[in-house]
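Please treat every number below as a calculation from the coordinates, not as lab data. Every value quoted in this text rests on a predicted model; they were computed, and no experiment measured them. Every residue, glycine as well, gets a Cβ built from its backbone with ideal geometry; the counts of neighbours run over all protein chains shown.
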Amino acid sequence: MARPASDNLHSRVVMILKVSLPLVALAILSSLFLISPPIDPEDAIPYADVEIADRLAEPRMTGAGFATVTSDGATLTLSADRAAPVAGGAEVAGLRGQLASADGAVTEITAAAGKLDRTAGQLELHDGVRLSTSTGYEVVTDSLTMGTDRSFLESGGPVTATAPMGELTSGGLRLDRAADGSTHLLVFNKGVRLIYRPQP
């Protein structure tokens, strides 16, 4: 018994598609490589050479960090956006830090720039130095010296501060251990002016 013409047509179409579709797919795939613009490997070399030369001329690190425990038991952690080695230490930019003393006081520190002196055991900060203490003080000054081997902070000039009792301005400030060593004292000095704002 002969097959209907529609069955023969269907079989021929299926056979043609079995052969033609893989060939079309292969042609499309090969055209991706044949038609795409050529890549010149020389284009990337000048930028790479400049970057390498710059790094060799001025070695630096990004996302640098430093942590230590001071002689009086405080924990000092520092991080910087950039750090470049210099004699005896490093110059840093975009600095953030935290000084957590053994008695539970915490001071957050930020500055635009600074210099770490490992030999002297101190960090000199400048350009918008800000301190925020767990006791409620917010302090701004132009420059600050802090110890990395002991809990110590001292401003290099005038400071302005917001305190729990009001607003403070002074010629300087100093954070150091009390004489009996039991706690730390934040002292404003060199002409202190307080605008007292009583708590509600």
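Here are the numbers for this structure:
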item: Length released on extending from Asp127 to Ser79, taking residue separation times 0.36 nm less the Cα-Cα span; result: 15.6 nm
item: Separation in nanometres of the label points that stand 7 Å from Cα toward Cβ, at Thr160 and Val14; result: 8.6
item: Environment charge at Val69 (Cβ cut-off 13 Å; Lys +1, Arg +1, Asp -1, Glu -1); result: -1
item: Efficiency of FRET between Glu108 and Val86 - r from beta-carbon atoms, R0 25 angstrom, step 0.05; result: 0.45
item: 15 Å reach of a label modelled at Val187, 7 Å along Cα-to-Cβ, counting backbone N of region 156-175; result: 171-175
item: Translational D in µm²/s for region 53-155 (Stokes-Einstein at 10 °C, 1.306 mPa s, Kirkwood Rh from C-alpha pairs); result: 115
item: Assigned charges on the beta-carbon of Lys, Arg, Asp, Glu; region 106-200 dipole about Cα centre (debye); result: 160
